[in-house]
Amino acid sequence: MFPEYRDLISRLKTEDAHFARLFEEHNELDHQIIRLEQNPVTSNAIEIETLKKQKLALKDQLYVILKKASEA
């Protein structure tokens, strides 16, 4: 995610608790989605879609923070 901001992401994860929390939530959702998609027995399309929307919202928030930090 956002390879152009790799260094900034590393810095913000240690310096900005809010950013670190959002980043961790995004990663947790990603892992949860992958687990659900890989298990067709328990796969629930509506649940997966909801999680993907939550993940995208977090990604948008992370991007806003990254843009502001890169301009500072």
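What the phi angles of region 12-20 give under the Karplus curve with 6.51, -1.76 and 1.60, with θ = phi - 60°, is a coupling list of 5, 5, 9, 9, 10, 4, 5, 4, 4 Hz, glycine and proline written as x. For the pair Ala57 and Val41, label points projected 7 Å from Cα toward Cβ lie 3.2 nm apart. Working ranking of peptides 54-63, 38-47 by packing, defined as the average number of other Cβ atoms within 10 Å per residue, highest first, is 54-63, 38-47.
Here region 1-26 is scanned for amide nitrogen atoms under 18 Å from the site 7 Å beyond the Cα of Ile34 along Cα-to-Cβ, giving 1-3, 23-26. Structural descriptor for the chain: relative contact order 37 percent, calculated from alpha carbon pairs under 8 angstrom and at least 6 residues apart. You can think of it this way: the chain between Arg21 and Ile48 has 7.6 nm of extra reach, that is 0.36 nm per residue less the Cα-Cα gap. Cα-based radius of gyration for the chain, normalised by 2.2 N^0.38 Å, reads 1.26. Total lysine pairs in region 3-71 at Cα distances under 20 Å, for residues eight or more apart or on different chains: 7.
Reducing region 1-18 and region 22-69 to their Cα centroids gives an inter-centroid distance of 18 Å.
Just so you know, all these numbers are worked out from the coordinates, no wet-lab data involved. Since we're looking at a predicted model, the values are computed, not measured. Neighbour counts run over all protein chains shown; Cβ positions are idealised from the backbone, glycine included.
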